[in-house]
Amino acid sequence: MNEVKELYTNEKVRRYLGGTYKEEQIKTAIGNMFMKESESLYWVAREIRTNTFIGLVSLSPHHDGHDIEISYQVLPTWWGKGYGLEITQVILHFAFDELNLKRIIAETQLSNIKSCNLLKRLGMKLEKKIERFGAQQCIYSISSSSRK
């Protein structure tokens, strides 16, 4: 779990995610990933040839209480190499084809241009902008019927 801890303590990764976590917050976050009662699913992403840790992806209930959200964190070493797109595409296919979900959303800060662009490349459409966590957030969505 030290690899996942690295995500939560990396300032670049956490820049648009509310800042880095302290040790107790990390323990809680990781503990929540293993709770049987959790409504969330988590995947660790690794590079195939070397098994090196890339990041973490999840599907979980969104703050709005209605939607399922895809979230992702990728270590900066892997940024700009297409891994974020590939990883999220796999999870979206799983969500629609295996879990039979009809709609997935993603929330990111408006100022996180790279994340906004990734969501657009996934075929997600900007649904609305809201103020949350002290910043303007963009809510993107994609439905099973609108997939590319």
Rounded to the nearest Å, the spacing of the alpha-carbon centers of segment 1-79 and segment 115-148 is 19
Restricting to lysines and to Cα separations under 17 Å from Lys36, and discarding same-chain partners fewer than 8 apart, the set is Lys27
Restricting to Cα pairs under 8 Å and 6 or more apart, the percent relative contact order of segment 32-110 works out to 22
The number of Lys pairs in segment 53-148 whose alpha carbons lie under 15 Å apart, excluding pairs fewer than 8 residues apart on one chain, is 8
Contact order relative to length for the chain, counting C-alpha pairs under 8 Å separated by 6 or more residues, stands in percent at 16
With DSSP loop assignment and no more than 14 other C-beta atoms within 10 Å, the trypsin sites (Lys or Arg not before Pro) in segment 1-88 are Lys12, Arg15, Lys22, Lys36, Arg49, Lys81
Scalar couplings 3J(HN,Hα) for segment 44-56 by Karplus 6.51 cos²θ - 1.76 cosθ + 1.60 (θ = phi - 60°), nearest whole Hz, x for Gly and Pro, are 8, 9, 10, 6, 4, 5, 10, 6, 6, 5, 9, x, 9
Any residue on another chain or 5+ positions along whose placed amide H is under 5 Å from the amide H of Ile54 is listed here as Ala45, Arg46, Glu47
Under the rule rounded for a/c under 1.5, else prolate if a/b exceeds b/c, else oblate, using alpha carbon gyration tensor axes a ≥ b ≥ c, the chain is classed as rounded
Computed, not fitted: 222 nm per-residue ellipticity of the chain from DSSP H runs ≥ 4 (each -39500 (n - 2.57)), nearest 500, equal to -8500 deg cm²/dmol
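Here, each number is a calculation from the coordinates, and none is a lab measurement. Note that the structure is predicted; figures quoted are calculated from it, not measured. In this analysis, Cβ positions are derived from the backbone assuming ideal geometry, glycine residues included, and neighbour counts consider all displayed protein chains.
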